[in-house]
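To keep things clear, I will list the structure first and then write my remarks on it.
The values are calculated or read from the model by the stated rules, or taken from the named source; none is laboratory data. Not measured: the values here are computed from a predicted model. Every residue, glycine among them, receives a Cβ derived from its backbone with ideal geometry; neighbour counts consider all protein chains shown.
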Amino acid sequence: MDTPHPRRSRKRRRRLRPFRTLFALLTVGVIAAGLYSVWQYNQGRDLASGEKPDSGPFSGDPIDPKYPYIENFLLLGIDNDGSGKSRSDTMIVASLDKENNRVKLVSFMRDIYADIPGYQSYKLNTAYYLGGVQLAKDTISGMFGIPIHHYAVTDFDNFEKLIDIAAPEGVTIDVEKPMSEKIGVSLTQGTHDLNGKELLGYARFRADSEGDFGRVERQQKVISALKDEVLAPGTLPRLPKLAGATTGYVETDVGGVDGLRKVLKAAVTGKLEIDRMTVPVEGTYRFGSYSHAGSVIELDLSANREAISEFLGTPGAMKGASARLTP
């Protein structure tokens, strides 16, 4: 049996030494990056400890085995006045296509005259007031045939704080007109980097002829701008802190680490496509008024369910609505 020549062994060790050093440095770097991310996550979590709203219990729909890569999230923004009872000012179903890295947003007008289970018909935003996130979910999924698997609720004060963590230098928005009435800030026309308070004011403005329709369009515009900001390369170091803060500022059935993993995946790929629609769709509604509910939007429910089904790409999953205006 041949014995390795001592000189050859020493040469081989000298050749391997740089690779071992590189491997050790990479290992240390990965560990350091992981520890930094954990520290940032914990810092964000401690920053927002105990400040999220309490929306009651939630039971989501099971994932459809025909579409295992689709998860639908009910996103609610509430105006918390401290009374313990809030209405949902923002109502969006975000359908996440994990296979194609695409999100489809369905925004619902808050004045929709809704069939609320167990109650007489009211405006759609009253469902959360009457029964928390579960009743809001049951109302939307029942009326429009959308399975809802998860939820996330935040109030507007917490929204401002999250924006300032995610984008400390502001979120770039093209403000289409001067805005100041009833939004707590004064915005001038033009492109600006808006902080959390300003961005919230922009998203909530409705003191013009477009009313809630314009506001919903601005909310969708804000979400697209936030997507671009969060997935920008310079934001990556802040994502763990943002995920940690989300656990305190946002009430959800999705864990912060799981949410961070999904965001990081989108950030690494550099792509997250967003499509948007608003309910009611054009030509499928009329305005009405009731003594117990005030001014409302009455829908052709069948037409809107069909439009949602086509938009989400799940034909046949939302059939069954009669062609009528609600109620």
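Observations on the structure shown:
- For region 182-200, the criterion of a residue being aliphatic (A, V, I, L, M), closer than 23 Å to T235 by Cα and not in a helix (DSSP H, G or I) is satisfied by at least one position.
- Yes/no for E229 being touching a residue at least 24 places away in the same chain (Cβ under 8 Å), farther than 27 Å from S55 by Cα and out of contact with any Lys or Arg (no Cβ under 8 Å at 6 or more places or on another chain): yes
- Of D157, D111, D97, D115, all but one fail to be surrounded by fewer than 18 Cβ atoms within 10 Å (Cβ to Cβ), in contact with a helix residue (DSSP H, G or I) (Cβ under 8 Å, 6 or more places away or on another chain) and among the acidic types (D, E); the exception is D115.
- Residue list for region 127-136, restricted to those being surrounded by fewer than 22 Cβ atoms within 10 Å (Cβ to Cβ) and without any contact (Cβ under 8 Å) to a residue 60 or more places away in the chain: Y129, L130, L135
- Being touching a residue at least 12 places away in the same chain (Cβ under 8 Å), closer than 21 Å to K123 by Cβ and in a loop (DSSP other than H, G, I, E, B) is a description that does not apply to D212.
- From the options E210, E229, E298, residue that is touching a helix residue (DSSP H, G or I) at 6+ places or on another chain (Cβ under 8 Å), of a type in the set (D, E, K, R), surrounded by 15 or more Cβ atoms within 10 Å (Cβ to Cβ) and at pLDDT 75 or above: E229
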